[in-house]
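Heads up: the structure comes next, in structure tokens.
The values are calculated or read from the model by the stated rules, or taken from the named source; none is laboratory data. Remember, predicted model here, so these are calculated numbers, not experimental data. Note that each Cβ is placed from the backbone with ideal geometry, even for glycine, and that neighbours are counted across all protein chains shown. Areas reflect the complete protein model, heavy atoms only, side chains present, ligands, DNA and RNA absent. Shrake-Rupley method; radii C 1.70, N 1.55, O 1.52, S 1.80 Å.
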Amino acid sequence: MNYHSTRDTSLRRTASQAILQGISEEGGLFVPQEIPRVDLASLQGLDYCALAAKLLGLYLTDYSEEFLLRAARQAYGPQRFEGAAAKTVKLEPGLYSLELWHGPTSAFKDYALQLMPLLLVEAKRINRDNSKTAILVATSGDTGKAALEGYKDLPGIEIAVFYPAHGTSETQRLQMATQEGENVHVFAVEGNFDDAQTGVKRVFTDAAFAAECAAQGKHLTSANSINWGRLAPQIVYYFASYLELVRQGELQLGDALDFCVPTGNFGDILAGYYARRMGLPVRRLLCASNKNNVLTDFGASGVYDADRPFYKTASPSMDILVSSNLERLLYHESGDADLIAQLMDALAENKKYQVPRSLGQRIAESFAFGCTGEERCFAEIAATWEKDHYLADPHTAVALSVARAEADGKTPCVVLSTANPYKFSGAVLGALGGRAQQDDFADLAALEQLTGTVAPAPLRALREKPVRFEATIRPEGIPAAARAL
Ligand SMILES: *Cc1c(COP(=O)(O)O)cnc(C)c1O
């Protein structure tokens, strides 16, 4: 299976080349040339790792089957995922939660970032690339920690993470500042997330810097979600969740269901779209947004308009105005790379584009779009706790609220639960009527006491872990930090 760019179908790559390169040279994203179909019945009975190896093998055709199975066992084995990869629990008749936070950092990004580093190291081997890889990550929280855990101590790789000094929760900051590993570097950057991101982007686009790296045999890359190697692993849990519901007797093989996904960069929900095209009986994918509802407006009007106010919310991983992976959906539904290039040019120039009506109609056949403001999100946390005795983090609560609004009373719905509620103890505690203290450890303890639930061990242990990284740098210092890798 080969890949080409969403903006130029003549640019072809193998899977491992697409993963090494990340983004196509003219700015497009790599997409598979065709989407394979699978026979659902043939997947029954496989454990999560075997399922992952089988499904990924359809896309990553220049990786060996043995490698994929070994990598999946290393990434998703019981020691990393508590034996609970893609655990699906019933909240009410017809409403389920797919818990994607049993990995090492308590957020769903572990599914991509536990496996993707292994795919990258193998891609270097397949392509006889002996360069050193330097990974730069600007993060507002979850991605940085998940990337550090995934890349730590891998041969031939150095990783530096830059986070806004006052832009993350205390828990998120400590998760990164206490990171173990010999090849990891963590910096707080004075300013907000945009300052960190702009500083990192400047390094990536600096031609002199690139020449310097090339001379040293060093290859600079990022760990963000437009890399195919981050997207593909997320297809697996849609299948795993469906098959688990069949196994539990909640569904008959072939029954349709909906998935509702709390969405930011459109990567997670796009993986569901691939699963649907591969033959998983998904009726609709529900795209849930918070107050930053640019996607909801797009679904209603066909106009993608990023020229609007940005809101900071209690679900920060969904606070995004440009959802990069939407580009892949537009390509797959139109098959027209010239159109995509035009739309993305318009986005870069005017922060806005409009899709042809026929394309909007095609998207509406597989997607529905909804959004939830802060008040309703907090009310949903409280209601779900009261009614279902289930604790949801704010991202999950946004999706639950949209799922309830879109329910047709017939089609079951699986909500993707993307973060453990204890990653956001203060917000969840406040939603349940407790008094948040502006101190994450106090809030965590209060939430445990109020609900009788237990926080994940790695989050509880953070208080005792030695802080390894205390440096705060100015955005101008990012190139020097990158140079030192
Ligand atoms: C990253 C993230 C999301 C959004 O996922 P996308 O793939 O960017 O749409 C939702 N919830 C949580 C907790 C996340 O970390």
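Would you say residue 333 is within 16 Å of the ligand (Cβ to nearest atom), part of a helix (DSSP H, G or I) and touching a helix residue (DSSP H, G or I) at 6+ places or on another chain (Cβ under 8 Å)? Considered against the rule, which asks whether it is within 16 Å of the ligand (Cβ to nearest atom), part of a helix (DSSP H, G or I) and touching a helix residue (DSSP H, G or I) at 6+ places or on another chain (Cβ under 8 Å), residue 333 comes out as no. Annotation: of all residues in the stretch 395-422 being in a helix (DSSP H, G or I) and hydroxyl-bearing (Ser, Thr, Tyr), the one that is surrounded by the most Cβ atoms within 10 Å (Cβ to Cβ) is 396. For the stretch 107-145, a residue qualifies if it is open to solvent by less than 10 Å² (accessible area, probe 1.4 Å), at pLDDT below 95 and either of a type in the set (Gly, Ala, Ser) or part of a loop (DSSP other than H, G, I, E, B) (or both), and the qualifying residues are 107, 134, 139, 141, 144.
Taking the stretch 300-310 as the range and being within 16 Å of the ligand (Cβ to nearest atom) and out of contact with any helix residue (DSSP H, G or I) (no Cβ under 7 Å at 6 or more places or on another chain) as the test, only 310 passes. The residues of the stretch 359-378 that are part of a loop (DSSP other than H, G, I, E, B) and open to solvent by less than 10 Å² (accessible area, probe 1.4 Å) amount to a single one, 372. Among the residues examined, residue 383 does not qualify as more than 16 Å from the ligand (Cβ to nearest atom), within 28 Å of residue 328 (Cα to Cα) and either without any contact (Cβ under 8 Å) to a residue 12 or more places away in the chain or not in a helix (DSSP H, G or I) (or both). Considering only residues in the stretch 218-236 that are in a loop (DSSP other than H, G, I, E, B) and modelled with pLDDT under 90, the one that is farthest from residue 275 (Cα to Cα) turns out to be 223. Restricting attention to the stretch 56-71, the residues that are open to solvent by less than 10 Å² (accessible area, probe 1.4 Å) and either under 28 Å from residue 392 (Cβ atoms) or part of a loop (DSSP other than H, G, I, E, B) (or both) add up to 1.
Sub-8 Å Cβ pairs linking a first residue in the stretch 196-220 that is in contact (Cβ under 8 Å) with a residue 60 or more places away in the chain to a second residue that is in a helix (DSSP H, G or I) and open to solvent by 60 Å² or more (accessible area, probe 1.4 Å), at least 6 apart or interchain, are 199/476; 209/483; 212/483; 220/204, ordered by first then second residue.
A quick yes/no check of all residues on (1) open to solvent by 10 Å² or more (accessible area, probe 1.4 Å); (2) away from the ligand (no atom under 16 Å from the Cβ); (3) touching a His at 6+ places or on another chain (Cβ under 6 Å):
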position	(1), (2), (3)
193	yes, no, no
200	no, yes, no
229	no, no, no
247	yes, yes, no
257	no, yes, no
275	no, no, no
286	no, no, no
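Residue 392 meets all of the listed conditions (1) part of a loop (DSSP other than H, G, I, E, B); (2) away from the ligand (no atom under 14 Å from the Cβ); (3) open to solvent by less than 20 Å² (accessible area, probe 1.4 Å); (4) not charged (D, E, K, R) but one, namely (2). When the stretch 311-328 is filtered for residues that are buried (at least 22 other Cβ atoms within 10 Å of the Cβ) and either of a type in the set (Ser, Thr, Tyr) or more than 9 Å from the ligand (Cβ to nearest atom) (or both), the ones remaining, listed by number, are 314, 315, 317, 323, 326, 327, 328.
The single condition among (1) in a helix (DSSP H, G or I); (2) open to solvent by 10 Å² or more (accessible area, probe 1.4 Å); (3) in contact (Cβ under 8 Å) with a residue 60 or more places away in the chain that residue 295 does not satisfy is (2).
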